Amino acid sequence: MARLRSFQRLAAHFVDIADFLLVYIEEAHPSDGWVSSDAAYKIPKHQCLQDRLRAAQLMKEGAPDCPLAVDTMDNASSAAYGAYFERLYIIQEEKVMYQGGRGPEGYKISELRSWLDQYKTRLQNPSTVVIQV
């Protein structure tokens, strides 16, 4: 949940240049599976989409200002983006511009912030001028 709060603060800071989306994927540490000793919630393995939607609401409570999508039960988003357990991406015009490492070790909000800071600087100080004739 601390990472989620950091993500929400980042999203609020860069709301003028980026849209943010959380995608809830399968539970990394289900209470009826590989249990984590520091898990904030006891969420069993999702048996159906309704289970996943209920669990996603807990995530939404941690970041109420961020839009939330929920992965399919066949984990299509997680597979497409290699997101298991957690991962940060920047996608611009359908192209991956930034791909963070796999969490939890590779989940680095500071790297995402740095990319966004540089992008914002480029937007404010464009180095090239395009003239259409």
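Numbers for the structure displayed
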| read-out | value |
| --- | --- |
| Scan of region 47-69 for residues that are assigned to a loop (DSSP other than H, G, I, E, B) and either open to solvent by 80 Å² or more (accessible area, probe 1.4 Å) or closer than 20 Å to HIS13 by Cα (or both), ordered by number | GLN47, ALA63, PRO64, ASP65, CYS66, PRO67 |
| Positions within region 70-120 being within 18 Å of ARG3 (Cα to Cα), part of a loop (DSSP other than H, G, I, E, B) and open to solvent by less than 70 Å² (accessible area, probe 1.4 Å), in sequence order | ALA83, PHE85, GLU86, ARG87, LEU88, GLY100, GLY101, GLY103, PRO104, GLY106, TYR107 |
| Count - residues of region 65-95 that are more than 12 Å from PHE20 (Cα to Cα) and out of contact with any Gly (no Cβ under 9 Å at 6 or more places or on another chain) | 16 |
| Test: residue in region 89-111 that is hydrophobic (A, V, I, L, M, F, W, C) and under 25 Å from HIS46 (Cα atoms) | no |
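The values are calculated or read from the model by the stated rules, or taken from the named source; none is laboratory data. Quick caveat: nothing in here was measured; it's all calculated off a predicted structure. When we count neighbours, we look across all protein chains shown, and the Cβ atoms used for this are built from the backbone with ideal geometry, even at glycine. When the accessible area is computed, the model is the full protein with side chains, heavy atoms only, and any ligands, DNA or RNA have been set aside. Shrake-Rupley method; radii C 1.70, N 1.55, O 1.52, S 1.80 Å.
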